[in-house]
Amino acid sequence: MITLGGVTVTGAEIAQVLDALLDTPGDQMRRYLKGTPLEGMDYHKVHDEEIKHFPEIRVSPGTKQHHVAHVKPACIHAMKRVLSESGWHDLQAAPETDNQAYKPPPPGGQKQKSQVFKTNPDKIDRGTAGHKKTQNALAEALCQANLKPWSPKPHQPQFDIAWRDNDIEGVTVAFIGEVKSLTNENETWQIRLAIGQVVDYVHMLDSLRNEGSLPPDWDGVQAIRGVVAVERQPTKAEYWTGLCERLGIILTWPEKYHDTLASMH
């Protein structure tokens, strides 16, 4: 998580607002931030602090005299800086030749109850804000742990996020993650669904590994483990954690990400 102008958000949320600022003309920060995760940001304070520490970015005298024209460039500079300092640049799309580039989940609407049995529930969940925030937070935690998140290629199992660690007790392990948002009503369904998905993914990929036919970008992987990442601690956390452990699956949520990654070594 990153704090900017008194607001704490994820790198993905800053990147989303930054893209919008870069694509829009004009200087009215209040209008551009409205309805975004950075709506409450004190952009005047961000401007003042950024100019104080980076005076070279000050708008040249005589070019744009009105104050708001000076704020937007300073805020853009601040957003780029904090993303770089947090390691978020590691999440950006790599060249097309990099088959393991992580791609944040696309924008989408909220799940509607009437859609549950008419549309693939996994596709619906991937469009929710809770799913996106949970997944991007995991990607950030991976980068902070010097691990590179992956997204699947079209012909591979459509997990949400994956990564490899070359030093798990001397073994190179690929971790395949499924992310789920949770509500009190759908918690059991969502976790059951995620468990089933990662069991399927791991079995499929492990079968390919045993045959020596994993995709080239998975070369060197010696073991594959499933990960279920949920939006918050489940109501029956002990039960679900125990079930996942029995199946060889790791259950985690944002408050546990760093401890989970650290405990793997």
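The values are calculated or read from the model by the stated rules, or taken from the named source; none is laboratory data. What you see is a predicted model, and the numbers here were worked out from it, not measured in a lab. Cβ coordinates were reconstructed from backbone atoms using ideal geometry, including for glycine residues, and neighbour counts include every protein chain displayed.
Quick notes on this structure:
- Test for V221: is it aliphatic (A, V, I, L, M) and within 21 Å of the chain's Cα centre (by Cα): no
- Taking first residues from segment 239-253 that are in the same structural domain as H203 (by TED's automatic domain parsing) and partners that are in a helix (DSSP H, G or I) and not hydrophobic (A, V, I, L, M, F, W, C), the Cβ contacts under 7 Å between residues at least 6 apart in sequence or on separate chains come to I250/T260; L251/T241; T252/T260.
- Of the residues E85, E13, E49, the single one that is at pLDDT 70 or above, under 29 Å from Q144 (Cβ atoms), over 20 Å from the mean Cα position of the chain (by Cα) and not hydroxyl-bearing (S, T, Y) is E49.
- Matching residues in segment 178-194 - criterion: being among the acidic types (D, E) and part of a loop (DSSP other than H, G, I, E, B): E185
Every residue, every condition in (1) of a type outside the set (D, E); (2) closer than 11 Å to I176 by Cα; (3) within 23 Å of the chain's Cα centre (by Cα), yes or no:
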{"residue": "V198", "(1), (2), (3)": "yes, yes, yes"}
{"residue": "Y201", "(1), (2), (3)": "yes, yes, yes"}
{"residue": "P215", "(1), (2), (3)": "yes, no, no"}
{"residue": "R232", "(1), (2), (3)": "yes, no, yes"}
{"residue": "G242", "(1), (2), (3)": "yes, no, no"}
{"residue": "G248", "(1), (2), (3)": "yes, no, no"}
{"residue": "W253", "(1), (2), (3)": "yes, no, yes"}
